[in-house]
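Engineer: Let me give you the structure first, and then I'll get to my questions.
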Amino acid sequence: MTQIWVPTAEVAAALDGLPGAEVEVVVPDGAPLPPSAGQVEFYVAPFFPTQPATAAMREMPRLAVVQTLTAGVDRLLAELPEGVTLCNARGVHDASTAEWVVAAMLAALRDFPLFAREQAAQRWSYHYTDCLAGKTVLIVGYGSIGAAVERRLAGFEVDMLRVARTARDGVADVSGLPRLLPIADVVVLLAPVTPDTIGLADAAFLGWMKDGALLVNAARGVLLVTDALVAELRQGRLRAALDVTEPEPLPAGHPLWDLPNVFITPHEAASTPVSGTRMLAHVRDQAARFLAGEPLRNVITGSY
Ligand SMILES: NC(=O)c1ccc[n+]([C@@H]2O[C@H](COP(=O)([O-])OP(=O)(O)OC[C@H]3O[C@@H](n4cnc5c(N)ncnc54)[C@H](OP(=O)(O)O)[C@@H]3O)[C@@H](O)[C@H]2O)c1
């Protein structure tokens with residue numbers, strides 16, 4: 001039998017009936033691990049991997065594969081034991097996350113957060129708003145989710161600009177940012193956390209953005225230099241919509257909470273029923289492949 005650790009009963013149920021699998025629900029929390037740690041070959045890490053959940057990998061001498069429930073693998077990659085294969089859930093969260101990005105753009109440009117506050121105060125605050133039609137949207141990190149965003153924006157009469165690690169037809173590399181940022185009305189961060197992307201959106205990056213532009217971060221908080229964003233938001237020069245922050249959870253009293261031109265959601269872009277269903281199907285497919293000795297999908301090589 002092949003020992004598989006999963007973080008929830010739902011994931012265990014998704015693996016029901018896989019021949020040769022011994023599935024156990026374990027969420028490492030710092031307490032001594034169950035004795036089966038010595039047998040684990042396939043480890044499905046928790047959705048938000050805590051330090052004990054990543055450290056547990058070192059106590060699994062037979063560990064062959066770590067499967068994440070997320071597209072981002074930054075926390076696990078940093079502590080992956082030598083020789084262990086890491087697979088992510090690239091593609092699983094495209095629909096949910098791309099939908100959040102489009103919703104965030106529309107909400108910010110059409111002043112929905114402000115109207116929601118006015119509704120709570122029972123005030124009829126009629127005013128003109130901005131709109132998405134006619135805008136130029138720049139995606140920084142044009143991968144699986146970035147392409148899903150572009151597909152969803154097809155009906156919104158926008159011009160698209162794209163940046164990735166490697167330049168290709170219609171996609172610039174980061175050396176294009178000083179040219180592209182000043183012409184974008186909306187800038188969407190969707191790159192993974194790597195040594196090259198930590199702090200990518202720094203004071204210079206934000207300074208290149210045009211007055212009144214909207215920054216959308218659906219990637220990870222560390223891509224953005226928060227103090228630099230707070231300075232721009234305080235001046236009222238930029239607007240922002242953030243699903244991710246550094247740190248998370250954003251603590252009470254943090255300057256971002258009180259600025260009027262930013263709205264924040266608690267890292268929930270991929271927390272939807274569709275993501276849940278696709279995540280379970282992906283884990284089952286990966287475990288079945290592993291048990292059958294077939295090639296795994298979404299294997300992480302290098303920094304991503
Ligand atoms: N908010 C949420 O709940 C949520 C949900 C899902 C994912 N995410 C985040 O979104 C990230 C992207 O997910 P994905 O599935 O779209 O990943 P992906 O398909 O791997 O795409 C990532 C893109 O980023 C580009 N990139 C890498 N390094 C870069 C750099 N230094 N500068 C500019 N672009 C760079 C890659 O370029 P190449 O194509 O040239 O390699 C690729 O196009 C994840 O890593 C995760 O952190 C967040």
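Engineer: Among the numbered conditions (1) more than 16 Å from the ligand (Cβ to nearest atom); (2) open to solvent by 30 Å² or more (accessible area, probe 1.4 Å); (3) out of contact with any Asp or Glu (no Cβ under 6 Å at 6 or more places or on another chain), tell me where Arg237 comes up short.
Structural biologist: Of the numbered conditions (1) more than 16 Å from the ligand (Cβ to nearest atom); (2) open to solvent by 30 Å² or more (accessible area, probe 1.4 Å); (3) out of contact with any Asp or Glu (no Cβ under 6 Å at 6 or more places or on another chain), the odd one out for Arg237 is (3).
Engineer: Against the condition in a helix (DSSP H, G or I), more than 9 Å from the ligand (Cβ to nearest atom) and closer than 24 Å to Gly72 by Cα, how does Arg179 come out, does it pass? Working first, answer last.
Structural biologist: Working: in a helix (DSSP H, G or I): yes; more than 9 Å from the ligand (Cβ to nearest atom): yes; closer than 24 Å to Gly72 by Cα: no.
It is false that Arg179 is in a helix (DSSP H, G or I), more than 9 Å from the ligand (Cβ to nearest atom) and closer than 24 Å to Gly72 by Cα.
Engineer: Can Ala89 be described as part of a helix (DSSP H, G or I), among the hydrophobic types (A, V, I, L, M, F, W, C) and within 16 Å of the ligand (Cβ to nearest atom)? Working first, answer last.
Structural biologist: Numbers: part of a helix (DSSP H, G or I): no; among the hydrophobic types (A, V, I, L, M, F, W, C): yes; within 16 Å of the ligand (Cβ to nearest atom): yes.
Against the criterion (part of a helix (DSSP H, G or I), among the hydrophobic types (A, V, I, L, M, F, W, C) and within 16 Å of the ligand (Cβ to nearest atom)), Ala89 does not qualify.
Engineer: Name every residue in region 185-214 that is open to solvent by less than 30 Å² (accessible area, probe 1.4 Å) and farther than 17 Å from Gly236 by Cα, in order of residue number.
Structural biologist: Within region 185-214, Val188, Leu189, Leu190, Ala191, Val193, Thr194, Thr197, Gly199, Ala201 qualify.
Engineer: Next up: For the structure I just gave you, tell me whether Ala78 is farther than 23 Å from Ala288 by Cα, of a type outside the set (S, T, N, Q), surrounded by 21 or more Cβ atoms within 10 Å (Cβ to Cβ) and in contact (Cβ under 8 Å) with a residue 24 or more places away in the chain.
Structural biologist: On the way: farther than 23 Å from Ala288 by Cα: yes; of a type outside the set (S, T, N, Q): yes; surrounded by 21 or more Cβ atoms within 10 Å (Cβ to Cβ): no; in contact (Cβ under 8 Å) with a residue 24 or more places away in the chain: yes.
No.
Engineer: Only one of these is surrounded by fewer than 16 Cβ atoms within 10 Å (Cβ to Cβ), out of contact with any strand residue (DSSP E or B) (no Cβ under 6 Å at 6 or more places or on another chain) and under 30 Å from Pro178 (Cα atoms): Ala107, Ala133. Name it. Talk me through it step by step, then tell me what you get.
Structural biologist: On the way: Ala107 fails: surrounded by fewer than 16 Cβ atoms within 10 Å (Cβ to Cβ).
Just one listed residue meets the conditions, Ala133.
Engineer: Looking at (1) closer than 18 Å to Pro260 by Cβ; (2) out of contact with any helix residue (DSSP H, G or I) (no Cβ under 6 Å at 6 or more places or on another chain), which one does Gln122 not meet, given that it meets all the others?
Structural biologist: (1)
Engineer: A follow-up question, please. Quick one: which helices (runs of 4 or more DSSP H) sit completely within region 94-175 and have at least 3 residues that are near the ligand (Cβ under 9 Å from one of its atoms) and in contact (Cβ under 8 Å) with a residue 60 or more places away in the chain? Reasoning before the result, please.
Structural biologist: On the way: elements: 94-109, 112-120, 144-152.
Where helices (runs of 4 or more DSSP H) fall fully within region 94-175 and carry at least 3 residues being near the ligand (Cβ under 9 Å from one of its atoms) and in contact (Cβ under 8 Å) with a residue 60 or more places away in the chain, they are 94-109.
Engineer: Could you list, in sequence order, all residues of region 245-262 that are open to solvent by less than 40 Å² (accessible area, probe 1.4 Å) and not aliphatic (A, V, I, L, M)? Spell out the reasoning first.
Structural biologist: Initial filter on region 245-262 (open to solvent by less than 40 Å² (accessible area, probe 1.4 Å)): 245, 250, 254, 256, 259, 261-262.
Thr245, His254, Asn261 - these are the residues of region 245-262 that are open to solvent by less than 40 Å² (accessible area, probe 1.4 Å) and not aliphatic (A, V, I, L, M).
Engineer: Just to be sure, is Ala228 surrounded by 19 or more Cβ atoms within 10 Å (Cβ to Cβ) and within 23 Å of Thr197 (Cβ to Cβ)?
Structural biologist: So Ala228 does not fit the description; no.
Engineer: For region 271-289, which positions are of a type in the set (A, V, I, L, M, F, W, C), farther than 19 Å from Phe48 by Cβ and open to solvent by less than 50 Å² (accessible area, probe 1.4 Å)?
Structural biologist: Hits for region 271-289 are Ala287, Ala288.
Engineer: So which residues in region 1-22 are open to solvent by 50 Å² or more (accessible area, probe 1.4 Å) and assigned to a strand (DSSP E or B), if there are any at all?
Structural biologist: Selection gives Glu22 alone.
Engineer: Continuing with this model, one more query. Val66 versus (1) in contact with a Phe, Trp or Tyr (Cβ under 9 Å, 6 or more places away or on another chain); (2) open to solvent by 50 Å² or more (accessible area, probe 1.4 Å): which is the lone unmet condition?
Structural biologist: With (1) in contact with a Phe, Trp or Tyr (Cβ under 9 Å, 6 or more places away or on another chain); (2) open to solvent by 50 Å² or more (accessible area, probe 1.4 Å) applied to Val66, the lone miss is (2).
The values are calculated or read from the model by the stated rules, or taken from the named source; none is laboratory data. None of these values were measured; they are calculated from a predicted model. Virtual Cβ from ideal backbone geometry, glycine too; neighbours counted across all protein chains shown. Only protein heavy atoms, including side chains, enter the accessible area calculation; ligands, DNA and RNA are left aside. Shrake-Rupley method; radii C 1.70, N 1.55, O 1.52, S 1.80 Å.
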